[in-house]
Amino acid sequence: MFSPIDWFRLFMAALFILPIVTVIRESGYYLVATLLRGENKKLIVGSGPILFAIPTVEVRRYFFMYSWMEYDELKPKNRFWHGLIYCSPIIMTGSIAFIANALVLEGVLPDNIFWTTFIFYCFYYVLFDVIPVYLPDGQPTNGRAIFDLIWHGERSDFKRKREDNKKSDNQRSYTEAQEETMQNRDQDDKERSDHTNPSSDNSDVGKDTNFTETQKKTKENRDRDEAVRRDHTDP
């Protein structure tokens, strides 16, 4: 059961601690993007209508909900500098968490709800930043972006684009092969009909006499399935 102190902790975390931790995390991007002369950089805090804005920083009404960093291209374009931009939120958030934790252990900062929750969410962000996975929307975590740079030697966006193009080419080739197979099979059916009933002039009546009732039913079901498949593969 939630006690009054738990409700207080919940609202404090949602309205103050999480926004602070998020801004610290995005500040890592901001600092490195500034050092690397990133173009058109902007730190956006929150969502919704804009409350106020200063050069390169924008604060929105729902400041506690979401924050992100925007920038164009970095001046140095090699793998090391792109790896640094991916590492920056991990380094920034992790450093603040370790410093705050050390200060609490030394008694410099009070061991209260605010600081324990703050340190918890800092490590929470660091943990999920370093896990090398792709998110449901296709975006990589920073850990995955770093992994792709080291292991594959390319940025995650380039890697995903190349894989998507390859998948599209394979799907197109597979569809063309299906079409060719169906055409060949139809040609074989026609030739079989000519050989088994040469007196027929390829009429519908002649075709029907070449197959048993079970064969005709199977052929009708197959043709229907192929028509449905064509609708899905060639919209």
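No lab work stands behind these numbers, since they all come straight from the coordinates. Because the structure is a prediction, the values reported are computed rather than measured. Using ideal geometry, Cβ is built from the backbone for each residue, glycine included, and neighbour counts are taken over all protein chains shown.
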**Report entry** Gained length - residue 56 relative to residue 72, 0.36 nm times residue gap less alpha-carbon distance
**Finding:** 4.5 nm
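If the convex hull of the alpha-carbon atoms of segment 4-154 is projected onto planes in all directions, what is the mean projected area in square nanometres? Could the numbers behind the result be given before it?
Numbers: hull surface 43.0 nm².
So the Cα hull casts an average projection of 10.8 nm².
Mind sorting 18, 84 by how few other Cβ atoms lie within 10 Å of their own Cβ, fewest first?
Working: 18 20, 84 16.
So the ranking, lowest neighbour count to highest, is 84, 18.
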**Report entry** Proximal charge balance of residue 117 [Cβ under 15 Å; K/R count +1, D/E count -1]
**Finding:** -1
Query raised in the report: Which distance in nm do the two modelled labels at residue 37 and residue 116 give, with both placed 7 Å along the Cα-to-Cβ direction?
Result: 4.9 nm
Query raised in the report: What list do you get for 67, 47, 27, 3 if you sort them by fewest beta carbons within 10 Å?
Result: 3, 47, 27, 67
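Among 104, 133, 32, what is the fewest-to-most ranking by other Cβ atoms within 10 Å? It would help to have the intermediate numbers written out before the result.
On the way: 104 17, 133 11, 32 22.
Going from least to most buried by this count: 133, 104, 32.
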Query raised in the report: Could you give the length gained on full extension between residue 106 and residue 2, defined as 0.36 nm per residue of separation minus the Cα-Cα distance, in nm?
Result: 34.4 nm
Query raised in the report: Distance in nm between label sites at residue 226 and residue 151, each 7 Å beyond Cα in the beta-carbon direction?
Result: 4.3 nm
Query - Cβ-Cβ FRET estimate between residue 16 and residue 127, R0 fixed at 22 Å, reported to 0.05 - result: 0.55
